[in-house]
Amino acid sequence: MSGYNLDAKKVDIEELAQKVLYNDDLLEKLMEGILSKNNIIRGNSFKTLEIVSEENPEFLYVKWDYFVEMLKSKNNYHKYIAIYILANLTAVDPENKFETIFNDYYGILGGSKAMTASHVALNSSKIALNKPKLQERVIEMLLNIDKIHQGKQTEMIKAHSIESLQKIYPEIENKEKVKKFVEEQLESSSPKTRKAAAVFMDKSG
């Protein structure tokens with residue numbers, strides 16, 4: 001890791017994200033870094049690769065299978081990283097690889113871990129916008145969170161679902177169904193979800 005400052009608390013993530021595009025060695029260090037047990041190294045590596053996946057997704061697309069393995073890991077930090085990177089990579093998925101892992105990805109939403117489930121909900125807007133053919137399936141997953149999620153913090157996860165639904169709302173055909181779901185959340189036991197629902201209703205008119 002030496003020479004790349006991945007273990008430093010203050011790192012120029014943007015600079016690393018540019019350097020890695022021309023440095024195979026750095027890429028390998030970052031790919032190793034996201035598996036590190038060291039929180040600083042893992043965090044710096046993830047933040048760098050997240051920027052790359054947003055700004056140059058085609059560069060990381062060749063590493064798709066690596067991130068899928070992380071998605072299927074029992075380690076929730078690994079899952080968390082894969083949730084974000086794979087969602088960003090759907091922007092460039094000519095082989096429709098995401099379709100083959102849809103159930104794995106949304107299986108996390110239906111799991112019992114609120115942290116990872118929340119981030120699947122939060123990233124769903126990217127997937128729905130990047131994959132129009134999957135939009136209806138994604139929306140149905142978010143609207144049926146009560147039936148799907150197996151954990152105890154479903155009400156909190158709904159806040160992230162609403163945030164995603166708000167981002168894709170202009171593209172949604174059946175707006176009334178979505179609006180009805182959000183309206184019901186104005187009575188949620190979660191303050192965060194009630195607030196998200198109020199903001200959505202205000203913006204959607």
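The values are calculated or read from the model by the stated rules, or taken from the named source; none is laboratory data. Computed from a prediction, not measured in an experiment: that's the story for all the values here. Reconstructed Cβ throughout: ideal geometry from the backbone, glycine too, with neighbour counts over all protein chains shown.
Against the conditions (1) more than 23 Å from E50 (Cβ to Cβ); (2) assigned to a helix (DSSP H, G or I); (3) not acidic (D, E), Q150 satisfies every one except (2). Here E95 passes the criteria (1) among the acidic types (D, E); (2) in contact (Cβ under 8 Å) with a residue 12 or more places away in the chain; (3) not in a helix (DSSP H, G or I) except the one numbered (2). Out of E28, E50, E32, one residue alone is modelled with pLDDT of 95 or more, among the acidic types (D, E) and either under 20 Å from the mean Cα position of the chain (by Cα) or part of a loop (DSSP other than H, G, I, E, B) (or both). It is E50.
Assess whether D25 counts as being touching a residue at least 24 places away in the same chain (Cβ under 8 Å), surrounded by fewer than 16 Cβ atoms within 10 Å (Cβ to Cβ) and of a type in the set (D, E, K, R).
no
Among the candidates K79, K74, the residue that is assigned to a helix (DSSP H, G or I), under 18 Å from G151 (Cα atoms) and out of contact with any Gly (no Cβ under 8 Å at 6 or more places or on another chain) is uniquely K79. Does at least one position in the range 154-163 carry a residue that is more than 24 Å from I85 (Cβ to Cβ), part of a helix (DSSP H, G or I), among the aliphatic types (A, V, I, L, M) and touching a Phe, Trp or Tyr at 6+ places or on another chain (Cβ under 8 Å)? There is no residue in the range 154-163 that is more than 24 Å from I85 (Cβ to Cβ), part of a helix (DSSP H, G or I), among the aliphatic types (A, V, I, L, M) and touching a Phe, Trp or Tyr at 6+ places or on another chain (Cβ under 8 Å).
The conditions of being touching a residue at least 40 places away in the same chain (Cβ under 8 Å), closer than 28 Å to G107 by Cβ and out of contact with any Asp or Glu (no Cβ under 9 Å at 6 or more places or on another chain) are met by L35.
Just one of I13, I34, I41 is under 23 Å from M70 (Cα atoms), touching a Ser or Thr at 6+ places or on another chain (Cβ under 8 Å) and buried (at least 20 other Cβ atoms within 10 Å of the Cβ); which is it?
I34 is the lone residue from the list that is under 23 Å from M70 (Cα atoms), touching a Ser or Thr at 6+ places or on another chain (Cβ under 8 Å) and buried (at least 20 other Cβ atoms within 10 Å of the Cβ).
Selection over the range 166-183 of residues that are outside any loop (DSSP other than H, G, I, E, B) and over 16 Å from A121 (Cβ atoms) gives a count of 8.
Residues are listed down the side, and each one gets a yes or a no for (1) among the hydroxyl-bearing types (S, T, Y); (2) closer than 21 Å to K158 by Cβ; (3) in contact with a Phe, Trp or Tyr (Cβ under 8 Å, 6 or more places away or on another chain):
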residue: E32; (1), (2), (3): no, no, no
residue: L35; (1), (2), (3): no, no, no
residue: K47; (1), (2), (3): no, no, no
residue: H78; (1), (2), (3): no, no, no
residue: T90; (1), (2), (3): yes, no, yes
residue: I101; (1), (2), (3): no, no, no
residue: G110; (1), (2), (3): no, yes, no
residue: L122; (1), (2), (3): no, yes, no
residue: K126; (1), (2), (3): no, yes, no
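If you go through the range 7-25 and pick out every residue that is charged (D, E, K, R) and assigned to a helix (DSSP H, G or I), you end up with 5.
Residue by residue, here is whether (1) exposed (fewer than 15 other Cβ atoms within 10 Å of the Cβ); (2) more than 23 Å from P57 (Cβ to Cβ); (3) in contact with a helix residue (DSSP H, G or I) (Cβ under 7 Å, 6 or more places away or on another chain); (4) at pLDDT below 95 holds:
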position: G110; (1), (2), (3), (4): no, yes, yes, yes
position: H119; (1), (2), (3), (4): no, no, yes, no
position: K126; (1), (2), (3), (4): no, no, yes, no
position: L134; (1), (2), (3), (4): no, no, yes, no
position: A159; (1), (2), (3), (4): no, yes, yes, no
position: L165; (1), (2), (3), (4): no, yes, yes, no
